[in-house]
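S.K.: Please read through the structure below; I'll follow up with questions.
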């Protein structure tokens, strides 16, 4: 079983890998909305890296880690589904997005691996570690949903949906 310190270090490896992938995808994407989606996800992952680095430092000083506020720009699964439905109603033509689809499929695989790691940490760590990593599980579920929704939108309609298709704030 991993210690909390080892889990945070491993989480940093996952987050850096995903962050680097989104940065590269943003540069490779030709579609402006696709670039924006990848940029938003890259910024989100960068925030996770900064947060985890801070928490690793906290652990080193005190031997404890307190869950702080970890915000996300990605809405919950239901809002993502609503956004895709709105897009489907508006869009009827197709465009070639094969390069972006390949980038999204890589992103989906990385998000699945990261999500699996966080779920494992919630199952296996002490109560303190479980509490700490529980928020990451929620956020990663949102990342998985948004990447899958983008794949679904592109394969079904040939259009990206922008995260502004729905309100990010809780109503």
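S.K.: At 0.36 nm per residue, minus the direct Cα-Cα distance, what do residue 64 and residue 46 gain on full extension? Give it in nm, one decimal, please.
M.R.: Values: separation 18, 0.36 × 18 = 6.48 nm, distance 2.29 nm.
Working it through step by step, the gained length comes to 4.2 nm.
S.K.: Going by how many other beta carbons lie within 10 Å of each one, how would you line up 22, 51, fewest first? Can you show the working numbers first?
M.R.: Details: 22 26, 51 20.
By the 10 Å Cβ count, ascending: 51, 22.
S.K.: Test of understanding: what is the full-extension gain from residue 33 to residue 120, defined as 0.36 nm times their sequence separation minus their Cα-Cα distance? Present the calculation step by step, with values, prior to reporting the outcome.
M.R.: Numbers: separation 87, 0.36 × 87 = 31.32 nm, distance 3.34 nm.
Between residue 33 and residue 120, full extension yields an extra 28.0 nm.
None of the figures in this text is laboratory data; all of them are computed from the coordinates on show. Note that the coordinates shown come from a computational prediction; the quantities given were computed from them, not determined experimentally. All Cβ positions, glycine included, derive from the backbone under ideal geometry; neighbour counts span all protein chains shown.
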